[in-house]
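Just below is one structure, and these are the notes that go with it.
Every number in this text was worked out from the coordinates using simple rules, so none of it is lab data. These numbers come from a predicted model, not from an experiment. Cβ sites come from the backbone with ideal geometry, for glycine too, and all protein chains shown count toward neighbours.
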Amino acid sequence: MPHNLHIVLVEPKIPVNTGSIGRLCLATGSTLHLIEPLGFEINDTQLKRAGLDYWKHVRVVTHKSLEKFFDSIPKESPKVFFSTKAEAIIYEHRFKEGSYLFFGSETEGFSEEFRKTHARPIYRIPQYDDRVRSLNLANSASIVVYEAIRQLGP
């Protein structure tokens, strides 16, 4: 695939978001990694509805835990984490082909402990109104993937 990007959803809860991100993965040639536990069944009607008839074509890999996921990929793989609690913004990062782009669950994000021990580098998408806690997960994934593609070239 063009840039061999990987979207990693850590314990996603909302099937419609995951379905939409699956469609994004198919459109951009990215792989979707789902870290269990999931807040839904893979055969969930809402998940398939959000991905429409594309879901069967999406490259989806499910992992039993984050530790098992990390064990399954090369240690030198570029890993980038995204959180509303990060100091650095996405535009400060230089994306690399084959990057793994990590997003926490919609309800909890990444724990503070996880951010301190694993999530480096960590970035946020800028928001300009404090009344908004966060962007929708599918929107965030889209912004990140297309910024990576913009940097890497079409």
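Worth a mention:
- A cut-off of 5 Å between modelled amide H atoms, ignoring neighbours fewer than 5 places along the same chain, links SER65 with GLU36.
- Shown here for the range 103-141: trypsin sites (Lys or Arg not before Pro) in loop regions (DSSP other than H, G, I, E, B) with at most 15 other Cβ atoms within 10 Å, namely ARG131, ARG133.
- Note on the chain: GNM, Cα springs under 10 Å; of SER72, SER140, SER83, the largest mean-square fluctuation is that of SER72.
- Note on the chain: helix-only mean residue ellipticity at 222 nm, from DSSP H runs of 4+ residues weighted -39500 (n - 2.57) and normalised by residue number, equals -9500 deg cm²/dmol.
- Cα gyration tensor shape of the chain, rounded if a/c is under 1.5, else prolate or oblate by comparing a/b with b/c: rounded
- Using every pair of separate Cα atoms, the Kirkwood estimate puts the hydrodynamic radius of the range 65-154 at 13.9 angstrom.
- Its Cα centre serving as origin, the chain has a Cβ charge dipole (Lys and Arg +1, Asp and Glu -1) of approximately 260 debye.
- Inter-label distance for ARG59 and ILE89, nm, one decimal - labels placed 7 Å from Cα along Cα-to-Cβ: 3.2 nm
- Applied to the range 97-107, the Karplus parametrisation 6.51 cos²θ - 1.76 cosθ + 1.60 on θ = phi - 60° returns per-residue 3J(HN,Hα) values of 4, x, 5, 9, 9, 9, 10, x, 5, 4, 8 Hz, with x for Gly and Pro.
- Positive minus negative residues near PHE95 (Lys, Arg vs Asp, Glu; Cβ under 14 Å): +1
- Annotation note: chymotrypsin sites (Phe, Trp or Tyr not before Pro) in the range 104-154 located in DSSP loop regions with a Cβ neighbour count of at most 16 within 10 Å are TYR128.
- Within straight-line reach of LYS64, meaning a Cα separation under 24 Å, sit the following lysines at least 8 residues removed in sequence or on another chain: LYS13, LYS48, LYS56, LYS75, LYS79, LYS116.
- Loop-located trypsin sites (Lys or Arg not before Pro) in the range 3-107 (DSSP state other than H, G, I, E, B) with a sparse environment of at most 11 neighbouring Cβ atoms within 10 Å: LYS64, LYS75, ARG94.
- Cβ-derived FRET efficiency at R0 35 Å, LYS68 paired with GLN127, nearest 0.05: 0.60
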